[in-house]
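The values are calculated or read from the model by the stated rules, or taken from the named source; none is laboratory data. Computed from a prediction, not measured in an experiment: that's the story for all the values here. All Cβ positions, even for glycine, are placed from backbone atoms using ideal geometry, and neighbour counts span all protein chains on display.
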Amino acid sequence: TQLLEQSPQFLSIQEGENLTVYCNSSSVFSSLQWYRQEPGEGPVLLVTVVTGGEVKKLKRLTFQFGDARKDSSLHITAAQPGDTGLYLCRGGGADGLTFGKGTHLIIQP
Amino acid sequence: NAGVTQTPKFRILKIGQSMTLQCTQDMNHNYMYWYRQDPGMGLKLIYYSVGAGITDKGEVPNGYNVSRSTTEDFPLRLELAAPSQTSVYFCASSKRRGAGELFFGEGSRLTVL
């Protein structure tokens, strides 16, 4: 089973600031997904990336897949309180996909 | 559109009791999953199913059982509940395996005392 390391574990910033969170593995991902989970709810898919070097944008969120397909980042521009939540990456290969432990993000007004 | 529905949302069990967490989906997805989520530990896969009549173990299957008699339903059975099974349980479904999007229920919070 592929191990996914997410960093930082916790992040609290002020509204309007920019931030980046990371998802890394020692193995190559065949695909990688980012989910956001709000309190009391199940995770919701934000994006799937499959090609090394791929960049996808979702409004103020930018997702990047590393060239070697071993890492991914999520950058949020001008963070808003509505971005608060647990951000989970899910990735793996032919033997299945696993979740990282997540980054708890709090955006303070 | 209901998506994935889990019941109950909350339950308290005594050590040694048994119970079933219900999960149903109305998207005609073949793939269904049960995860548990513990603080700081992410989501761990308990069991999954690739279609009616077919189930398989995930990372942490001990103490649990599942069945899949229909495409829609995927109940999770806890036998002889233990404090270590205190967790939030999520059911999910997907149209395909691998990088297919997972659709989650709202979760069932279980406490074993």
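Put simply, of B:Leu110, B:Leu80 the only residue that is surrounded by fewer than 16 Cβ atoms within 10 Å (Cβ to Cβ), of a type in the set (A, V, I, L, M, F, W, C), in contact (Cβ under 8 Å) with a residue 12 or more places away in the chain and within 13 Å of B:Ser18 (Cα to Cα) is B:Leu80. Look at the range B:1-16: where a residue is at positive phi and a partner is assigned to a strand (DSSP E or B), sitting 6+ places away or on another chain with Cβ atoms under 7 Å, you get B:Gly3/B:Gln25; B:Gly3/B:Phe103. Every condition in (1) away from chain A (no Cβ under 13 Å); (2) under 14 Å from the mean Cα position of the chain (by Cα) holds for B:Asp56 except the one numbered (1).
Scoring A:Thr62 on the criteria (1) away from chain B (no Cβ under 14 Å); (2) assigned to a strand (DSSP E or B); (3) in contact (Cβ under 8 Å) with a residue 60 or more places away in the chain; (4) surrounded by 16 or more Cβ atoms within 10 Å (Cβ to Cβ) leaves a single failure, condition (3). Scanning for something outside any strand (DSSP E or B), of a type in the set (D, E, K, R) and more than 15 Å from the chain's Cα centre (by Cα), does the range A:28-48 turn up at least one residue? Yes, there is a match, as at least one residue in the range A:28-48 is outside any strand (DSSP E or B), of a type in the set (D, E, K, R) and more than 15 Å from the chain's Cα centre (by Cα). Might you let me know whether the range B:86-97 holds any residue that is part of a strand (DSSP E or B), loosely packed, with under 14 Cβ neighbours inside 10 Å and away from chain A (no Cβ under 11 Å)? No, the conditions are met nowhere in the range B:86-97. In the range B:60-68 there is at least one residue that is within 14 Å of chain A (Cβ to nearest Cβ) and either assigned to a loop (DSSP other than H, G, I, E, B) or closer than 16 Å to A:Val44 by Cα (or both). Among the residues of the range B:86-101, those that are free of Cβ contacts under 8 Å to residues at least 60 places away in the same chain, in contact with a strand residue (DSSP E or B) (Cβ under 6 Å, 6 or more places away or on another chain) and not acidic (Asp, Glu) comprise B:Thr86, B:Ser87, B:Val88, B:Ala99.
Criterion applied to B:Gly40, B:Gly16 was being within 11 Å of chain A (Cβ to nearest Cβ) and over 15 Å from the mean Cα position of the chain (by Cα), and the one residue passing it is B:Gly40. For beta carbons closer than 7 Å, sequence separation of 6+ or different chains, a first residue in the range A:29-52 that is more than 7 Å from chain B (Cβ to nearest Cβ) and a second that is surrounded by fewer than 14 Cβ atoms within 10 Å (Cβ to Cβ), the qualifying pairs are A:Ser30/A:Ala94; A:Leu46/A:Leu58; A:Val47/A:Leu58; A:Gly52/A:Asp67; A:Gly52/A:Ala68. Among the residues making up the range A:68-77, those that are assigned to a strand (DSSP E or B) and farther than 12 Å from A:Leu11 by Cβ are A:Asp71, A:Ser72, A:Ser73, A:His75.
Screening A:Glu17 against (1) surrounded by fewer than 20 Cβ atoms within 10 Å (Cβ to Cβ); (2) under 27 Å from B:Ser93 (Cβ atoms) leaves a single unmet condition, (2). The residues of the range A:78-100 that are more than 14 Å from the chain's Cα centre (by Cα) and not in a strand (DSSP E or B), listed by number, are A:Ala78, A:Ala79, A:Gln80, A:Pro81, A:Gly82, A:Ala94, A:Asp95.
For B:Glu101, state whether it is within 17 Å of A:Gly42 (Cα to Cα), at pLDDT 95 or above and in a loop (DSSP other than H, G, I, E, B). No; evaluated as a whole, the condition is false for this residue.
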